[in-house]
Every structure is written in structure tokens, then in C-alpha cells.
Amino acid sequence: MPPVLVTGATGRIGRVVIGQLIDAGVPVRALIHRSDAAATLPAEAEVFTGDLTVPESLDPALTGAGAVFLVWTAPPRTTAAVVERLAAHVRRVVFLSSPHRTPHPFFQQPNPMAALHADIERLIAATGLESTIIRPGMLASNSLAWWAPAIRAGDAVRWPYGAAGTAPVDDRDVAAVAARTLHRDGFAGGDYVLTGPESLTQAEQVGAIGDALGRRIAFEEMTPDEFRSLSEGTAPSSVVEMLLAAWSAAVGQPAYVTTAVADILGVAPRTFHQWAADHAAALTEGP
Ligand SMILES: NC(=O)c1ccc[n+]([C@@H]2O[C@H](COP(=O)([O-])OP(=O)(O)OC[C@H]3O[C@@H](n4cnc5c(N)ncnc54)[C@H](OP(=O)(O)O)[C@@H]3O)[C@@H](O)[C@H]2O)c1
């Protein structure tokens, strides 16, 4: 079997995809763009250095590969040249996108990433590549970055829109779907919105973390303006405004829930409570 090239190999999803492909006996190549990252990857992965903003740098990693897992968090200007190179070398691509086509208010707010994702999807569709688009909703692991600092300090979690419902999807389920669609046939043309099994408000999610850790964690509502001030210097204002608009639009209705994870993997998606229980050490002690 020709190897699968995983981009975003040091990222949240790519790193887990690599482990799942190795477990399935699939030869794996990992693309890194900072040379110091190689030591953090499994020894079974063949590591290549390359940069999505320098398309020709990808050629060594692509030559002889059969499929690519594409994650794009780089600036957008080289998307067309990179997709062209993928089509010249490999047969199959699985792209990590977002549910920007889903007609639920949560996913229909102004979102700079949506335009980038739509552009890459259009470029991929214009090639002859076998393609699968995976669209996770809110990743469960976002709560590590968002709420773990307060949880570690023993403080209440202060956050805006506690009543906003999302259906957090476990990163491991997203990675498992990606791995399955990369190395098994039958998913060409597939387009899957991946969610967790249930809608939970953000306050309920903090409660579920408390249940998993065996202690009560208080939730306190924060105003959007407080959230803007808190996020200054840590997140681009476009992302902050996108999140605030999406949460605001989500209040008062259940989150969008799909059966795609179960349909593809044949097992139910992990619950948010399970995610929290499995990440208790990271939530309380740090990475
Ligand atoms: N968070 C969510 O809830 C959510 C939901 C749906 C979709 N998504 C989408 O998921 C994607 C992010 O996935 P993730 O969380 O796994 O990513 P991540 O953890 O942010 O990691 C990004 C990866 O891309 C690599 N990278 C960055 N710039 C690069 C470049 N110029 N050339 C080559 N590699 C480069 C990074 O390498 P270094 O580590 O070396 O920088 C890293 O491995 C985004 O497209 C996001 O919109 C996220």
C-alpha cells in the first residue's frame, strides 16, 4: 500500500490520525514545517519537512504517496498551487474542513475560515482527485484551552453564552473517521459533518467536566465585552467575533447533531463526559 501523507502532523487532529493509521498497519508520512517537531512524532512515521506556503517544498513528501490528509491553518495564498501538486502526485485527499454549509444558525455566522475552507473544497472538486470532506463541529479539546486554566486554579469558569448549545465531537473520533476514509475504499465523494452524540450547553459542558473530575465547578456568565477584553492578544479579533456570533445564535435551540461518526466507524461517538474523564490529567495538571 502506498503511504499516506499527513499534513498538520503536529496538530491536534493530524497527530491522532498518524497514530490511528499506524495502528491500522498503513505506512505513514508526516509533514512538518518546523524541524524541531520530528522528535515528537512516532518512530514509525517517515518525517518530511515541507511548508504549505512553499508548494514545491512538498514534492519529496508527495512523491510515491497514495493519499493525503490535508489540514490548512497556513495563510491562503498558495492553496491553488498546493491542490494542483496534490492532484499531480496522489489519488486521494481527505480535507479537514468545517460545517459552513450546514443550515443551523451556529454554523451560519460570519467566519473567515469558512471562506478558506470553501475555496479549498472548490479547488479539490475541480481536480480528478478522489476526495472526502470531513467537517467537525466544535472540537471537545477546545475546552482544554478555554476552561482548563480556571479549573486548575480551582476558580469558577467565567465564559459568555453559557446557554449556547454545541455538540462537542471528540478529536479521536474525528481522527478515526479521517484515518478510515484515507485507507479504506468507499468514501470517495463523501462529505460528512461530524458531531458528538448530544447537544449540551456550554454551562452543561463545564458541569460534565466537574462530574468527570468528581468536584463541582461553578459556571459564571461573562459579558461578550469582557470576553473581547480577555481574548485580546491571544486570539485574532475575527475569531473572537465569530465565536461570539455563533454562540449567540445558538442560544435557545439544540445543537446540530449527526450520526456520521457512528455511520462510518460502526461505533457510537464518544460523549463529552467520556472526553473529560479521559483528559482529567490534562484538565487538572496541564499538558
Ligand atoms: N477547533 C475546532 O473546533 C474546529 C472545528 C472544525 C474545524 N476545525 C478546523 O481544523 C483545522 C485545525 O486542525 P487542528 O486543530 O488539528 O490544527 P492545529 O492543532 O492548529 O495544528 C495546525 C497544524 O498545521 C501545521 N501548519 C501550520 N502552518 C503550516 C505551514 N505553513 N505548512 C505546513 N504545516 C503548517 C502546524 O504545524 P506547527 O505545529 O509546526 O505549526 C500544525 O501541525 C482548521 O482548519 C480549523 O478550522 C477546527
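The values are calculated or read from the model by the stated rules, or taken from the named source; none is laboratory data. Everything numeric here is computed off the predicted structure, so don't read it as measured data. Virtual Cβ from ideal backbone geometry, glycine too; neighbours counted across all protein chains shown. Surface accessibility is based on the protein's heavy atoms, side chains included, excluding ligands, DNA and RNA. Shrake-Rupley method; radii C 1.70, N 1.55, O 1.52, S 1.80 Å.
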Notebook entry, point to check: Carbon-plus-sulfur fraction of the accessible area of the chain, 1.4 Å probe, in percent?
Noted result: 54
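Could you size up the charge dipole of region 97-210 around its Cα centre, putting +1 on the beta carbon of Lys and Arg and -1 on that of Asp and Glu, and report it in debye to the nearest 20? Spell out each step's value before the answer.
Details: 8 positive and 11 negative charges, 27 e Å.
Computed charge dipole of region 97-210: roughly 140 debye.
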Check: Looking at the P(r) of the chain, how many percent of alpha-carbon pairs lie beyond 33 Å?
Finding: 23
Note to self: With Kirkwood's inverse mean 1/r over C-alpha pairs for Rh, give me the Rg to Rh ratio of region 34-154, two decimals please.
What the structure shows: 1.02
Item checked: Summed residue charge, Cβ within 10 Å of Val94's Cβ, Lys/Arg positive, Asp/Glu negative -> +1
Check: How far apart, in nm, are two points set 7 Å out from the Cα along the Cα-to-Cβ line at Asp225 and at Asp119?
Finding: 3.5
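What is the sum of charges, Lys and Arg at +1 and Asp and Glu at -1, for the other residues whose Cβ falls under 13 Å from the Cβ of Thr271? List each step's numbers first, then the result.
Values: positive: Arg172, Arg270; negative: Asp170, Asp173, Glu198, Glu204, Asp211, Asp278.
Cβ neighbours under 13 Å give a net charge of -4.
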Check: Rounded to two decimals, what is Rg over Rh for region 154-287 when you use alpha-carbon atoms and the Kirkwood radius?
Finding: 1.01
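Quick check for you: with a 1.4 Å probe and neighbouring chains kept, what is the accessible area per residue of the chain, in Å²? Intermediate results must be reported in sequence, preceding the final value.
Numbers: 12590 Å² over 287 residues.
Using a 1.4 Å probe on heavy atoms only, each residue of the chain averages 44 Å².
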Notebook entry, point to check: Non-local amide H neighbours of Glu46 (under 5 Å, H modeled in plane, Pro and chain starts lacking H): which ones?
Noted result: Val28, Arg29, Ala30
Next item on the list: For every other residue with a beta carbon closer than 15 angstrom to the beta carbon of Ala65, add +1 if it is Lys or Arg and -1 if Asp or Glu, then tell me the sum.
Entry: +1
Notebook entry, point to check: How much of the DSSP beta bridge set in the chain is antiparallel, as a percent to the nearest 5?
Noted result: 15
Notebook entry, point to check: Using the Karplus equation 6.51 cos²θ - 1.76 cosθ + 1.60 (θ = phi - 60°), what ³J(HN,Hα) coupling, rounded to whole Hz, does each residue of region 76-86 give in order, writing x for Gly and Pro?
Noted result: x, 5, 9, 4, 5, 5, 6, 5, 4, 5, 4
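Can you pull the semi-axes for region 92-193, root of five times each eigenvalue of the Cα gyration tensor, sorted largest first, whole Å?
Values: eigenvalues 190, 57, 22 Å².
Largest first, region 92-193 gives 31, 17, 11 Å.
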Margin query: Could you derive backbone 3J(HN,Hα) for region 34-44 from the dihedral phi with the Karplus parameters 6.51, -1.76 and 1.60 (θ = phi - 60°), listing whole Hz in sequence and x where the residue is Gly or Pro?
Written below: 10, 5, 6, 7, 4, 5, 8, 9, x, 4, 5
Checklist line | Part-to-part distance (alpha-carbon centres) for region 158-231 and region 45-105, which is given in Å | finding: 25
